[in-house]
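Q: Handing you this structure, nothing more for now.
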Amino acid sequence: MVNPVLVDVTRGALTESRHRGMIAVTDAAGGVVYAAGDIDAAVFPRSACKAIQALPLVESGAADTYGFGQREIALAASSHSGEDAHIALAAEMLERARRGVADLECGAHWSSQQPVLIHQARTRQMPDALCNNCSGKHAGFVCACCHQGIDPKGYTGYDHPLQAQIREAMEDVTGAIVGADVCGTDGCNIPTYAVPLKALARGFARMATGEGLSPERARAARRILDAAMAEPWYVAGTGRACTALMSLAPGRIYAKTGAEGVFCAALPEQGLGIALKCEDGTTRAAEAMVAAVFARLLSDDVELAGRLSERADVRLRNWNGTEVGRVRAVLP
């Protein structure tokens, strides 16, 4: 199946680039509300499924034992920009479990956000693992292990008990079977599993509604999404798409991006889950796509839909500030 063009990039009056992709919007039972492209195709959600990966932290009781509030839980399901407050909170999470940066197995990198990178370069010799955009998630992993009496050493390995818990959660929430045959290694060194796009959408509808989940898991899932929606800056950071989208409609929109042009999202009021992928992995196209989907699904709120539509049709400007083109979602 050839996926449709879902985003046009223009320069002047002409189309300069086109981005194909897939979008699935379903309810918690898997009923398809909207679809474009091959929604049965398996994709690596990468960081877009961090809310599911955070379930053991909450379900085990670790979040409560260590006194984690909404900011800590949001950071445990984040891809943060490495701003000072992100780094400090990840360190504090580890300290509550009497652990530190040496326990993180995610590796270190400079921020991918230019202003933050410049600040980091001015204030530190080299980045450490707390600067990694996944350090909040990994701090949550370490805390979940410590609370359960599991040695966190090697927690990124496929055979580690924590990763078995995450696999079980992925299967339960999405309804897809995940194992070594669909496993890759993510940028932060943990296993990542290819899941049909439709199953990811259904999974996030279940996360938002609790339908099809045990009462304990339903409570944990909603707690994670609520934390992210209440503290969207800790999910991403200054100027980031996830933060901006959730800030437009507090408590009504959940959105989480992943590498290679993926988004998983939910509209709790409507009981809908959303999963999409820009086929060529381009982030700007995926951001336009998810904004356009939200605008369509929230069209009854004219003001909100209008603001979302603006994010689905972005004006491009050159270094002189001259408008030269657009990145525009063109959903069927």
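Q: Can you name the number of the only condition in (1) buried (at least 19 other Cβ atoms within 10 Å of the Cβ); (2) within 17 Å of residue 195 (Cα to Cα); (3) charged (D, E, K, R) that residue 83 fails?
A: With respect to (1) buried (at least 19 other Cβ atoms within 10 Å of the Cβ); (2) within 17 Å of residue 195 (Cα to Cα); (3) charged (D, E, K, R), residue 83 is out only on (2).
Q: Of all the residues that make up the range 230-256, how many are buried (at least 24 other Cβ atoms within 10 Å of the Cβ) and either touching a strand residue (DSSP E or B) at 6+ places or on another chain (Cβ under 8 Å) or among the small types (Gly, Ala, Ser) (or both)?
A: 9
Q: In the list 36, 63, which residue meets the criterion of being under 20 Å from residue 208 (Cα atoms) and either touching a Gly at 6+ places or on another chain (Cβ under 6 Å) or crowded, with 19+ Cβ neighbours inside 10 Å (or both)? If you could, list the steps in order and put the result at the bottom.
A: On the way: 36 fails: under 20 Å from residue 208 (Cα atoms).
The unique qualifying residue is 63.
Q: Kindly list the number of the only condition in (1) among the charged types (D, E, K, R); (2) out of contact with any Cys (no Cβ under 8 Å at 6 or more places or on another chain); (3) farther than 15 Å from residue 235 by Cβ; (4) buried (at least 17 other Cβ atoms within 10 Å of the Cβ) that fails for residue 99.
A: Evaluating residue 99 over (1) among the charged types (D, E, K, R); (2) out of contact with any Cys (no Cβ under 8 Å at 6 or more places or on another chain); (3) farther than 15 Å from residue 235 by Cβ; (4) buried (at least 17 other Cβ atoms within 10 Å of the Cβ) leaves (2) as the failure.
Q: Another question, if that's okay. Being at pLDDT 95 or above and over 30 Å from residue 174 (Cβ atoms) narrows it down to one of 296, 326, so name that one. Step through it out loud before you land on a result.
A: Values: 296 fails: over 30 Å from residue 174 (Cβ atoms).
The match here is 326.
Q: Inspect all residues belonging to the range 207-218 and state whether any of them is touching a Pro at 6+ places or on another chain (Cβ under 6 Å) and either free of Cβ contacts under 8 Å to residues at least 12 places away in the same chain or not in a strand (DSSP E or B) (or both).
A: Step one: filter the range 207-218 for residues touching a Pro at 6+ places or on another chain (Cβ under 6 Å), giving 208.
Subset that is either free of Cβ contacts under 8 Å to residues at least 12 places away in the same chain or not in a strand (DSSP E or B) (or both): 208.
Yes: the range 207-218 contains one or more residues that are touching a Pro at 6+ places or on another chain (Cβ under 6 Å) and either free of Cβ contacts under 8 Å to residues at least 12 places away in the same chain or not in a strand (DSSP E or B) (or both).
Q: Identify, from the list 185, 174, 192, 156, the residue that is of a type in the set (S, T, N, Q) and without any contact (Cβ under 8 Å) to a residue 24 or more places away in the chain. It would help to see each step written out before you state the result.
A: On the way: 174 fails: without any contact (Cβ under 8 Å) to a residue 24 or more places away in the chain; 192 fails: without any contact (Cβ under 8 Å) to a residue 24 or more places away in the chain; 156 fails: without any contact (Cβ under 8 Å) to a residue 24 or more places away in the chain.
Criteria check complete, one pass: 185.
Q: Of all residues in the range 101-155, how many are more than 23 Å from residue 191 (Cβ to Cβ) and either part of a loop (DSSP other than H, G, I, E, B) or in contact with a His (Cβ under 8 Å, 6 or more places away or on another chain) (or both)?
A: We begin by selecting, within the range 101-155, every residue more than 23 Å from residue 191 (Cβ to Cβ); these are 110-111, 113-128.
When the remaining residues are screened for being either part of a loop (DSSP other than H, G, I, E, B) or in contact with a His (Cβ under 8 Å, 6 or more places away or on another chain) (or both), the result is 110-111, 113, 124-128.
Summing the residues that are more than 23 Å from residue 191 (Cβ to Cβ) and either part of a loop (DSSP other than H, G, I, E, B) or in contact with a His (Cβ under 8 Å, 6 or more places away or on another chain) (or both) in the range 101-155 gives 8.
Q: Take the range 305-326 and flag every residue that is open to solvent by 10 Å² or more (accessible area, probe 1.4 Å), within 22 Å of the chain's Cα centre (by Cα) and touching a residue at least 40 places away in the same chain (Cβ under 8 Å).
A: Matches in the range 305-326: 307, 311.
Q: So residue 19 ticks every box in (1) farther than 18 Å from residue 208 by Cα; (2) touching a Lys or Arg at 6+ places or on another chain (Cβ under 7 Å); (3) crowded, with 22+ Cβ neighbours inside 10 Å but one. Which box is left unticked?
A: (2)
Q: Let me spell it out: the conditions are (1) surrounded by fewer than 19 Cβ atoms within 10 Å (Cβ to Cβ); (2) within 19 Å of residue 236 (Cα to Cα); (3) in contact with a Ser or Thr (Cβ under 9 Å, 6 or more places away or on another chain), and residue 47 meets all of them except one. Which number is the exception?
A: Only one criterion in (1) surrounded by fewer than 19 Cβ atoms within 10 Å (Cβ to Cβ); (2) within 19 Å of residue 236 (Cα to Cα); (3) in contact with a Ser or Thr (Cβ under 9 Å, 6 or more places away or on another chain) is unmet by residue 47, namely (1).
Q: Another question, then. Anything in the range 261-296 that is in contact (Cβ under 8 Å) with a residue 24 or more places away in the chain, surrounded by fewer than 20 Cβ atoms within 10 Å (Cβ to Cβ) and under 18 Å from residue 5 (Cβ atoms)? List them, or say none.
A: 280, 282, 283, 284, 296
Q: OK, next. When the residues of the range 113-136 are filtered to those that are surrounded by fewer than 20 Cβ atoms within 10 Å (Cβ to Cβ) and in contact (Cβ under 8 Å) with a residue 40 or more places away in the chain, which remaining residue is nearest to residue 50 (Cα to Cα)?
A: If we take residues in the range 113-136 being surrounded by fewer than 20 Cβ atoms within 10 Å (Cβ to Cβ) and in contact (Cβ under 8 Å) with a residue 40 or more places away in the chain, then 127 is nearest to residue 50 (Cα to Cα).
Q: Working only within the range 137-170, note down all residues that are of a type in the set (A, V, I, L, M) and either over 17 Å from residue 217 (Cα atoms) or surrounded by 15 or more Cβ atoms within 10 Å (Cβ to Cβ) (or both). Explain how you work it out, then say what you get.
A: Filtering the range 137-170 down to residues of a type in the set (A, V, I, L, M) leaves 139, 142, 144, 150, 162, 164, 166, 169-170.
Answer for the range 137-170, where residues must be of a type in the set (A, V, I, L, M) and either over 17 Å from residue 217 (Cα atoms) or surrounded by 15 or more Cβ atoms within 10 Å (Cβ to Cβ) (or both): 139, 142, 144, 150, 162, 166, 169, 170.
The values are calculated or read from the model by the stated rules, or taken from the named source; none is laboratory data. None of these values were measured; they are calculated from a predicted model. No Cβ is skipped: glycine too gets one built from the backbone with ideal geometry, and neighbour counts run over all protein chains shown. Side chains are part of the model used for accessible areas, which takes the heavy atoms of the whole protein and leaves out ligands, DNA and RNA. Shrake-Rupley method; radii C 1.70, N 1.55, O 1.52, S 1.80 Å.
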